[in-house]
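For reference, the structure is listed below as structure tokens.
The values are calculated or read from the model by the stated rules, or taken from the named source; none is laboratory data. A quick note: this is a predicted structure, and the numbers were derived from the prediction, not measured. When we count neighbours, we look across all protein chains shown, and the Cβ atoms used for this are built from the backbone with ideal geometry, even at glycine. We work out accessible area using only protein heavy atoms, side chains counted, and drop any ligands, DNA or RNA first. Shrake-Rupley method; radii C 1.70, N 1.55, O 1.52, S 1.80 Å.
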Amino acid sequence: MSQTVRKHRRLALRATVAALATTVVGAAIGIALSTTEASAATGGVTGFATQNGGTTGGAGGATVRATTGTAIHTALCNRASSSTPIIIQVEGTINHGNTTKVSGSSCNTAADKIELKEISNVTIIGVGGGAVFDQLGIHIRDSSNIIIQNVTVKNVKKSGSPTSNGGDAIGMESTVRNVWVDHTSLEASGGESAGYDGLFDLKDDVQYVTLSYSTLKNSGRGGLIGSSESDRGNSFITFHHNSYSNIDSRTPLLRGGIAHIYNNSYVTLNESGINSRAGARARIDNNYFKNSKDVIGTFYTSEAGFWQVSGNIFDNVTWSAKGTDTNPAGPNPTSNTSVSIPYSFALDPANCVPDVVSRTAGANKGLQVSDGSCTPTSPTGGPTSSSPRPSSPGPSSPAPSSPGPTQGGTNLSIGAGSDGSSKASGTSYGDVRDGNLSTYWSPAGTTGTISIKWSAATAISRVNIREASGATGVIRNWRLLNGDTGAVLASGTGAGVVTFTRTSMKKVTFEITTATGTPRVAEFETYA
């Protein structure tokens, strides 16, 4: 496509947005939840965010209410540590005028964005009349186990005024693990020339992320995975039941890694759609593409990407001819790779995807999901009219100093024994089972083992490895072992919640095989 044609299409995009702006903003702010309150949809996480130990966000932690960006930052900073679980219920409009930097040992915030940096175990969920982040992006960096749900993020700029988050509505970068973004509305009012960047960008080592039941619209760029052809360490990303409309390109752009893209609705993709390049592999199942151009392929590069396609519908889709830097999958898309998916998922038939997505995707839709047969339904653990309000109107009360049973049930490590490999000076094996996040065990080097042990066989199915403040993300590769037999119960990357088949044993061992520095394990929690 010529630069002139691209320019004309971008101008058309801006003209369309200008005509609809009042309606779009009014809808985003005026529609309330179908219930008076909402709670995190525990158990509702899907896709790759279920892997690597799963994603629970702030489940089990204190619930606080925030009506300003400053209150969100204060809630994070009032926690006992950077990993103390917390659920932040947000209502109202969050903008530059009410978002300031807040300091504390459990947070690292900034005034020009909602900053989730060097933290873990957090849920941000819109409640009541809705949560709108107006010209203010959400930035996740060096963090893990995060849930963002039922919020609108709109008109975030990287140039002009005001600017926020590099122009990304939601952006993740630098060693991020296990994030679930669900039922969000992400929107801009034009392309790069109007000051906007991506709606959903992931770069510099981001893994195990799911974007579900969300709307992305009126933008030059939907989002990317990998910021350059050399940034190929981002992987294991799921996109399902999302609505993309009036987007120029990047729905998404994939550089390296694996993505699963299913049951999404795409309308008016002006230049290109799913752009798999630089060795990326995408599995693309039962999506509906309408009134769009070059919806699958490798574009704007000679470095090939790959795709496995099945069950998709192409309704009035046009395709470019192949060229040096253009390799469209159509007009008759066929697979050129195979991608194995490790989790279970139910596919809606592609012909009903536009309807079911229009009824479920986006903020303020009651967190409804599809049941796999094109019928919207309310998820278990979703919003209920009896969900309690937080005990105080804002996050003024500090979080409890002990972690408590954050994964449900009793933490069986409390009162048990512990041992491990050589420990660093000034640390103790017992610090991982004392319920105190300010104490920790470290190995003598960057690798080592820490164990919880009981006098009698104890059945467990979950553990939670919680890193100390200032060391979040240091642990990389690990194995969880049955200390009685040496059998591997689970393995993965990054600390957090680990689930496995319920097993009885007298000793369970967490083995750190690689790390970016000296690990600090504050708590090794175990649950039945």
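A few notes on this one:
- Scanning the stretch 204-255 for residues that are farther than 30 Å from ASP371 by Cα, open to solvent by less than 30 Å² (accessible area, probe 1.4 Å) and not in a strand (DSSP E or B) turns up GLY226, ASP231.
Each row is one residue, and each column tells you yes or no for (1) surrounded by fewer than 17 Cβ atoms within 10 Å (Cβ to Cβ); (2) closer than 16 Å to THR509 by Cβ; (3) at pLDDT below 90.
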site: GLY426; (1), (2), (3): yes, no, yes
site: SER438; (1), (2), (3): yes, no, yes
site: PRO443; (1), (2), (3): no, yes, no
site: SER451; (1), (2), (3): no, yes, no
site: ARG462; (1), (2), (3): no, yes, yes
site: ARG476; (1), (2), (3): no, no, yes
site: ASN482; (1), (2), (3): no, yes, no
site: LEU489; (1), (2), (3): no, yes, no
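- Considering (1) surrounded by fewer than 18 Cβ atoms within 10 Å (Cβ to Cβ); (2) in contact with a helix residue (DSSP H, G or I) (Cβ under 8 Å, 6 or more places away or on another chain), the lone condition that ASN287 does not fulfil carries the number (1).
- Total residues in the stretch 297-315, condition open to solvent by 10 Å² or more (accessible area, probe 1.4 Å) and at positive phi: 2
Here is a yes/no grid of residues against (1) touching a Pro at 6+ places or on another chain (Cβ under 9 Å); (2) buried (at least 20 other Cβ atoms within 10 Å of the Cβ); (3) closer than 20 Å to LEU186 by Cβ; (4) at pLDDT 95 or above:
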residue: SER265; (1), (2), (3), (4): yes, yes, yes, yes
residue: THR268; (1), (2), (3), (4): no, no, yes, yes
residue: GLU271; (1), (2), (3), (4): no, yes, yes, yes
residue: VAL295; (1), (2), (3), (4): yes, yes, yes, yes
residue: ALA321; (1), (2), (3), (4): yes, no, no, yes
residue: ALA329; (1), (2), (3), (4): no, yes, no, yes
residue: ALA363; (1), (2), (3), (4): no, yes, yes, yes
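- Strands (runs of 3 or more DSSP E) within the stretch 293-343 that include 3 or more residues in contact with a strand residue (DSSP E or B) (Cβ under 7 Å, 6 or more places away or on another chain) and more than 17 Å from LEU253 (Cα to Cα): 313-318
Conditions tested, residue by residue: (1) on the phi > 0 side of the Ramachandran plot; (2) of a type in the set (A, V, I, L, M, F, W, C); (3) part of a loop (DSSP other than H, G, I, E, B); (4) open to solvent by 10 Å² or more (accessible area, probe 1.4 Å).
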position: GLY160; (1), (2), (3), (4): yes, no, yes, yes
position: VAL181; (1), (2), (3), (4): no, yes, no, no
position: GLU187; (1), (2), (3), (4): no, no, no, yes
position: SER193; (1), (2), (3), (4): no, no, no, yes
position: LEU202; (1), (2), (3), (4): no, yes, no, no
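- Meets criteria (at pLDDT 90 or above and part of a strand (DSSP E or B)) for THR501: no
- Within the stretch 52-89, the set of residues being free of Cβ contacts under 8 Å to residues at least 60 places away in the same chain and either open to solvent by 30 Å² or more (accessible area, probe 1.4 Å) or within 20 Å of ALA468 (Cβ to Cβ) (or both) comprises THR68, THR70, LEU76, CYS77.
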